[in-house]
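K.L.:
Below is one structure. I have some questions about it.
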């Protein structure tokens, strides 16, 4: 069996690397960027020599070096340090201009011989003078972040390193989808976007560079964003047991400190800086089927037909590079796909959306009638070598040029290349290989000396090396695609999937974790990778369920399908020459279990879409670690996830509890925070037991052990939740038939919400949406459910609600509306539920459910 690596090498080795130098406007040699010139010797910031108060913070000198700390908001600080008396250019690919330039007035602290500083409403900044230490505290005097003693900030070799104290009980999360445990403590990472085929638990770096992390200690949280695009590093205790550090090979020392104290507040502050993810089209949340590659056209049609005939709810089919002429972007192989437009039309009629891959490289084909290359040369849109010639490197279609996406004109040119595909009816685009990946090179990418040109609003025009801009190329590629689609279809939400990205890239694309493997270990790795992506701004993310490389066992494919059904995105994808990964693989028995998982996802679509809309406003991810909702649950306030296996939350209400080691058959005990929980599948309340019967007064209540079975993925519902579910449909284009179900699980702070719009356009920004809030109260066995009046102008598909109240003890319930009128109440003894149909009205409703008199 030929794996993808051998296929790559075989393809790449067959390429001729001799190509006549393309004729284009030569690029000027790259000018040194700020702090890229190697220093003769390390420069340490050891003592403050002067301080100047600012309205928004302070500025200090340490010999030749300059340090400026400013408050953007009461809870967001910016720290800029330069080895010279001048700060570098104030520009950013990650932080929004309106956020970066925001200022808030501060209160200066006394300038003494020992320290200077200032206060905001939330924070105190203390600059200790000798030795120089930046210390940040909350207003209660608790230290949040402090430079490490005897390890001063240093500039060396054109780069820098910042070292901070690392308390014994502090834990670190984020940095994107780096593999390994959820907690980054005792680990070290490199930020350098890399094509990491078949990455494993210890592989680093990977495809993304998101230099943001959250520190959590004793229930208090803060975050740090290092806004630096060069190759950077983060070391959480690998070098020193009592300190962590971050630094870069070059570029500006520019970082932000974001205060909580809750983890959610930190993420909201990160969204303030870098922007939240835009609301995706509804169909993006549906099941997605993919393979490298479905070809020819007849196979694509067969896949669609099988999904519908087997009644597997689904929305999207992906076309990988083999639908193109010799893998050349923006082409269609007419021999394999003789009626591409007709195929798209037929698939749309079956309620499928089609996403095509578009790698960022452009094969260098002069005088061959290949428009992307010809127009790219004419517009001077490609990255150059230092001598001014066009850089070319071998990739899938042969020697290729690479667009210079740090130029606004190049991004506009790239976006316009999608015109014909959009006109044909392609629904979305998949930007792959955009680290950028280059075959047969030691770095798996282009040389660091390759020359880009920065032509971007907010930046001074200049040339820069690939060493500076490598980590942002994938983001700017996705941005070019996103903006191009907006221009081509201005009233339709773009769908862009990217493999490589940088901080802030969530503004333009969703993502996935890249070329994983069909192993039980990779299933286990997928949860912390997705959770850390969500904690890094990328709430809309998924994995190749079943594993991209290798052939999963039937049991692995089943369990992965179940877990991925509760991920933000659910895509089944696999590589060439592997055994079939489709849901129907392995026969009717496994198909029934996998289909049931996908059906559950579609029934939960109102809940998923409501979470997606919340994410688009707040930056709070859909898929959440336990500590995000329960930061104070542990007695010592450590993050519960450290001991919770691979559990995760989907929104506030659902907790998914797969086995800690999915291939093990051992019984395991879930970690359930000290609130009440219901079994999602049976509706029964979880009866907790004493951890140690010999010491019943001091041991906490714990959940009973779970014996894993392949048929059921354990899922629990938090008491105090109201979940919206819809009747089953086969695609998000299909209108559900019947009432909207509201499942009410009585408990403290009982609440739920619902958001809906047309799922496709931007009409919601003009009020064409429906938002409705729900609450419940339980007392003496009686329950009151309030359906607040809906807001917005969108007319939903449902005309009534099917309210299902759980943990109802007995028959004989009486259901009335506060506005008057009695409703039929239907009791189900096995699930201990009572059902009441309530009309959906513009005024809302209050349902009163009372138990029968004894």
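K.L.:
Kindly provide the set of residues from the stretch 359-374 that are surrounded by fewer than 19 Cβ atoms within 10 Å (Cβ to Cβ) and in a helix (DSSP H, G or I), ordered by number.
P.N.:
Within the stretch 359-374, the first condition is being surrounded by fewer than 19 Cβ atoms within 10 Å (Cβ to Cβ), and the residues that meet it are 366-369, 371, 374.
Passing the criteria: 371, 374.
K.L.:
Could you check, for the stretch 47-57, whether at least one of its residues is modelled with pLDDT of 95 or more, surrounded by fewer than 16 Cβ atoms within 10 Å (Cβ to Cβ), part of a loop (DSSP other than H, G, I, E, B) and in contact with a strand residue (DSSP E or B) (Cβ under 6 Å, 6 or more places away or on another chain)?
P.N.:
The answer is yes; a qualifying residue exists.
K.L.:
Going residue by residue through the stretch 411-433, is there one that turns out to be in a loop (DSSP other than H, G, I, E, B), more than 26 Å from residue 324 (Cβ to Cβ) and over 25 Å from the mean Cα position of the chain (by Cα)? Break it down stepwise before answering.
P.N.:
Of the residues in the stretch 411-433, the ones in a loop (DSSP other than H, G, I, E, B) are 417-418, 425-427, 432-433.
Adding the requirement that they be more than 26 Å from residue 324 (Cβ to Cβ) leaves none.
Looking through the stretch 411-433, none of the residues is in a loop (DSSP other than H, G, I, E, B), more than 26 Å from residue 324 (Cβ to Cβ) and over 25 Å from the mean Cα position of the chain (by Cα).
K.L.:
Residues of the stretch 338-358 being assigned to a loop (DSSP other than H, G, I, E, B) and touching a strand residue (DSSP E or B) at 6+ places or on another chain (Cβ under 9 Å), which ones? Spell out how you get there, then give the answer.
P.N.:
Kept after step one, since they are assigned to a loop (DSSP other than H, G, I, E, B), are these residues of the stretch 338-358: 338-339, 350-352, 358.
Within the stretch 338-358, 352, 358 qualify.
K.L.:
Take the residues of the stretch 674-693 that are outside any loop (DSSP other than H, G, I, E, B) and surrounded by fewer than 17 Cβ atoms within 10 Å (Cβ to Cβ): which is modelled with the lowest pLDDT? Steps first, please.
P.N.:
First pass over the stretch 674-693, keeping only residues outside any loop (DSSP other than H, G, I, E, B): 677-679, 685, 689-690.
Filter once more, so that each one left must be surrounded by fewer than 17 Cβ atoms within 10 Å (Cβ to Cβ): 679, 689-690.
Numbers: 679: 97, 689: 79, 690: 69.
If we take residues in the stretch 674-693 being outside any loop (DSSP other than H, G, I, E, B) and surrounded by fewer than 17 Cβ atoms within 10 Å (Cβ to Cβ), then 690 is modelled with the lowest pLDDT.
K.L.:
Return the residues of the stretch 636-654 that are modelled with pLDDT of 95 or more and under 20 Å from residue 710 (Cβ atoms); say none if nothing qualifies.
P.N.:
Passing the criteria: 647, 648.
K.L.:
If we keep just the residues of the stretch 97-110 that are over 24 Å from residue 455 (Cα atoms) and free of Cβ contacts under 8 Å to residues at least 24 places away in the same chain, which is surrounded by the fewest Cβ atoms within 10 Å (Cβ to Cβ)?
P.N.:
The qualifying residue surrounded by the fewest Cβ atoms within 10 Å (Cβ to Cβ) is 110.
K.L.:
If I ask for residues that are part of a loop (DSSP other than H, G, I, E, B) and either closer than 21 Å to residue 250 by Cα or out of contact with any helix residue (DSSP H, G or I) (no Cβ under 8 Å at 6 or more places or on another chain) (or both), which ones from the stretch 58-91 would you list?
P.N.:
Taking the stretch 58-91 as the starting set, the residues that turn out to be part of a loop (DSSP other than H, G, I, E, B) are 63-64, 74-75, 83-91.
Selection gives 63, 64, 74, 83, 84, 85, 86, 87, 88, 89, 90, 91.
K.L.:
Could you check how many residues of the stretch 321-336 are surrounded by fewer than 21 Cβ atoms within 10 Å (Cβ to Cβ) and assigned to a loop (DSSP other than H, G, I, E, B)?
P.N.:
Going through the stretch 321-336, the residues surrounded by fewer than 21 Cβ atoms within 10 Å (Cβ to Cβ) turn out to be 322, 325-326, 330-336.
Imposing the further condition that a residue be assigned to a loop (DSSP other than H, G, I, E, B) reduces the set to 330-336.
Total meeting the criteria: 7.
K.L.:
Which fully enclosed strands (runs of 3 or more DSSP E) of the stretch 726-842 have 1 or more residues being touching a residue at least 60 places away in the same chain (Cβ under 8 Å), farther than 18 Å from residue 608 by Cα and more than 37 Å from the chain's Cα centre (by Cα)? Reasoning before the result, please.
P.N.:
Details: elements: 740-745, 751-757, 769-779, 782-787, 800-806, 814-817, 826-828, 833-839.
Per the criteria, 782-787, 833-839.
K.L.:
Which members of the stretch 167-206 meet the condition of being free of Cβ contacts under 8 Å to residues at least 60 places away in the same chain and farther than 28 Å from residue 143 by Cα?
P.N.:
Listed by number, the residues that qualify are 202, 203, 204, 205.
K.L.:
Condition check: touching a residue at least 40 places away in the same chain (Cβ under 8 Å), farther than 19 Å from residue 427 by Cα and surrounded by 15 or more Cβ atoms within 10 Å (Cβ to Cβ). Does residue 377 satisfy that? Step through it out loud before you land on a result.
P.N.:
Numbers: touching a residue at least 40 places away in the same chain (Cβ under 8 Å): yes; farther than 19 Å from residue 427 by Cα: yes; surrounded by 15 or more Cβ atoms within 10 Å (Cβ to Cβ): yes.
Here the answer is yes, as residue 377 does meet what is asked.
K.L.:
Let me ask another. Just for the stretch 292-316: of the residues that are within 30 Å of residue 401 (Cβ to Cβ) and outside any helix (DSSP H, G or I), which one is nearest to the chain's Cα centre (by Cα)?
P.N.:
292
K.L.:
State whether one or more residues within the stretch 465-483 are assigned to a loop (DSSP other than H, G, I, E, B) and over 15 Å from the mean Cα position of the chain (by Cα). Can you show your working first?
P.N.:
Quick first cut of the stretch 465-483, residues assigned to a loop (DSSP other than H, G, I, E, B) only: none.
Among the residues of the stretch 465-483, not one is assigned to a loop (DSSP other than H, G, I, E, B) and over 15 Å from the mean Cα position of the chain (by Cα), which makes the answer no.
K.L.:
Which one of these is free of Cβ contacts under 8 Å to residues at least 24 places away in the same chain, assigned by TED's automatic domain parsing to the domain that holds residue 168 and either outside any strand (DSSP E or B) or under 26 Å from residue 242 (Cβ atoms) (or both): 113, 94?
P.N.:
On the way: 94 fails: free of Cβ contacts under 8 Å to residues at least 24 places away in the same chain.
So the residue among 113, 94 that is free of Cβ contacts under 8 Å to residues at least 24 places away in the same chain, assigned by TED's automatic domain parsing to the domain that holds residue 168 and either outside any strand (DSSP E or B) or under 26 Å from residue 242 (Cβ atoms) (or both) is 113.
The values are calculated or read from the model by the stated rules, or taken from the named source; none is laboratory data. It should be emphasised that the depicted structure is a prediction, and the values quoted were computed from it without experimental measurement. All Cβ positions, glycine included, derive from the backbone under ideal geometry; neighbour counts span all protein chains shown.
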